[in-house]
1. If L387 satisfies every condition in (1) in a loop (DSSP other than H, G, I, E, B); (2) in contact with a helix residue (DSSP H, G or I) (Cβ under 9 Å, 6 or more places away or on another chain); (3) not β-branched (V, I, T) but one, which is the exception?
2. When segment 89-109 is examined, which residues are found to be open to solvent by less than 50 Å² (accessible area, probe 1.4 Å) and either in contact (Cβ under 8 Å) with a residue 40 or more places away in the chain or part of a loop (DSSP other than H, G, I, E, B) (or both)?
3. For G357, are the conditions met, namely being closer than 24 Å to A461 by Cβ, in contact with a Ser or Thr (Cβ under 6 Å, 6 or more places away or on another chain) and buried (at least 21 other Cβ atoms within 10 Å of the Cβ)?
4. Among (1) at pLDDT 95 or above; (2) closer than 30 Å to Q371 by Cβ; (3) of a type outside the set (A, V, I, L, M), which single condition is S304 missing?
5. Taking interchain pairs and intrachain pairs at least six residues apart, which have beta carbon atoms under 8 angstrom, with the first residue in segment 360-389 and more than 18 Å from D510 (Cβ to Cβ) and the second open to solvent by 70 Å² or more (accessible area, probe 1.4 Å) and polar (S, T, N, Q)?
6. From (1) in contact with a strand residue (DSSP E or B) (Cβ under 9 Å, 6 or more places away or on another chain); (2) surrounded by fewer than 17 Cβ atoms within 10 Å (Cβ to Cβ); (3) charged (D, E, K, R), pick out the condition that doesn't hold for R446.
7. Pick from L140, L123: which is under 15 Å from P186 (Cα atoms), surrounded by 13 or more Cβ atoms within 10 Å (Cβ to Cβ), in contact with a Lys or Arg (Cβ under 9 Å, 6 or more places away or on another chain) and in contact (Cβ under 8 Å) with a residue 24 or more places away in the chain?
8. Would you mind telling me which numbered condition in (1) open to solvent by less than 50 Å² (accessible area, probe 1.4 Å); (2) in a loop (DSSP other than H, G, I, E, B) Q313 fails?
Amino acid sequence: HRWLDRNRLSRRAALKATAGAGLLVASGPRITALPAAAQEGGAASNTLVVAWDQVPDNLDPQTARGNRNWWVLAEIYETLTYLPGGSLEPEPLLAESWEVSEDGLNYTFTLKPDITFTTGNPLNAEAVKFSIDRLHEIGLGPLYMTSAYDSTEVVDEMTVRMTLKFPYAAWPVILSNPAVLGVIDPAFVEENGGSTPDERNEYVSTHTAGSGPWTLGEWQQGTRIVLVRNPDYWQGWDGDHVDEVVLETVPEESTRLLRLERGDVDIATVTATSLPALEQRIAEQNLPIVIQKERDGQPLLSLSTMWLNLNNQMLPTSDINVRKALIHAFNYDLWIEQVLNGYGLRMQGMIPRGVLGHVEDYPMYPYDLEQAQAFLDEASTEAKAALEEGLPFRYSPGYVIQTEGALLWQQDLASIGINLVLEEIDQATLSSLQTSEPGVPIVEARWFPDYPDPDNFINAARTDYWPPEGYGAAFAGDETTDDLVARGRTEQDPEQRAEIYRELELYFHD
């Protein structure tokens, strides 16, 4: 989960091609491109300049929400576990090792010795307990990831024991998220305002005291963040390294590209929409820019997923034949080719490839207008009557399906007699639709996972995740899916978990 390597700074580009879920497909990737000269030191080899579109607003590991903050937190605050080199299997970081009780309810972590915060204070068991207790005392952080958590006990100076309310095999993976347990110096917090329930500590949000390889050197809110190398980092700094990393917020992609091509920045995030033209300019103008798309001969894939929710409890999509008609009438391959410029994969179920529980032989619904028409013919009288009034689809043009995709789908649906009534909306309106009941017939959704465990991807199957409590908006699932979800998260054996998630995926598919 680090984009800056803990032992050396990675100067390579990363293509985050993405996989999709549900009815739809794949997420548009964020591509990181950099001048080839940067790989050999660049003009200013002591500083790495990154242009991205993110706007971090909180660097308190116990109250920060959202990836834009977590990506920075991961360089400053460290966790008991981490996911090395793109792996989805957790390994010890601040912890030296851990043990799990036979019933799966107790996790005992032994900490590595001689680690200090940037304040000079020691990182010990009390600091670990303080950090996770503070998360729950304030109540503003991502508590949804810690539903299994009960308490933490200090066994001795370098040992902590965490007790869960129920067995949760994903717990070591969840602890790799710096917003769940980014260990902070307790003295730093107490000396600067302490902690208050439901209130953000503004000082702690804008000043840092972690144990990571980088510290906060400068922060111009909404404009740039400068990370400075921690000279006393406990893992050391063997080899050559930059001294600082500048993260500049540049909302306009055209500006990011211009600065990258001029050599003003070393790394820039690029969407799939702009990538083909960039690649063409690189070739025609012999630009010294590298775009990495593979590692070890395999495509670089993120776990970001995108889909369309079809409302199971509102006409006309409450009719399963209408849902099947819509699914068969979407041209997945053409959408990926024309809207994502080929940078995406169609999902096989809710759990993406590479994650435990992914169903490799998942039965796909092919693009087939004749089959779509056949299902539509079988729809109920009530559903057909609702369709005659037009099928409303409100979408955000910069989100999942995008304008071009909406028009492609509208054209195909028209060929089977469905009038898809399109309305472009802003992101705030879309967010309201995603989390409101009774919802709308169709709503876009996307998910950038908080942790790479199957339990983090199957929200659509949870009835307790329906709006207004959650983000599901499809109002799908039943007692069977709830039972499978509960069994999947509590089962400790990986093979048994995989079988449970296979059953869940196939049942939900039907």
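The values are calculated or read from the model by the stated rules, or taken from the named source; none is laboratory data. Predicted model only: the values in this text are computed from it and were never measured. Every residue, glycine among them, receives a Cβ derived from its backbone with ideal geometry; neighbour counts consider all protein chains shown. Quick note on the areas: whole protein, heavy atoms, side chains included, nothing else; ligands and nucleic acids left out. Shrake-Rupley method; radii C 1.70, N 1.55, O 1.52, S 1.80 Å.
1. It is condition (1) that L387 fails.
2. Initial filter on segment 89-109 (open to solvent by less than 50 Å² (accessible area, probe 1.4 Å)): 90, 92-95, 101, 104-109.
The answer is P90, L93, L94, S101, G104, L105, N106, Y107, T108, F109.
3. Details: closer than 24 Å to A461 by Cβ: yes; in contact with a Ser or Thr (Cβ under 6 Å, 6 or more places away or on another chain): no; buried (at least 21 other Cβ atoms within 10 Å of the Cβ): yes.
When the stated conditions are applied, G357 does not pass them.
4. Here S304 meets the rest and fails (1).
5. L369/S415; L387/N419
6. Failing condition for R446: (2).
7. Numbers: L140 fails: under 15 Å from P186 (Cα atoms).
Only one candidate passes the filter, namely L123.
8. (1)
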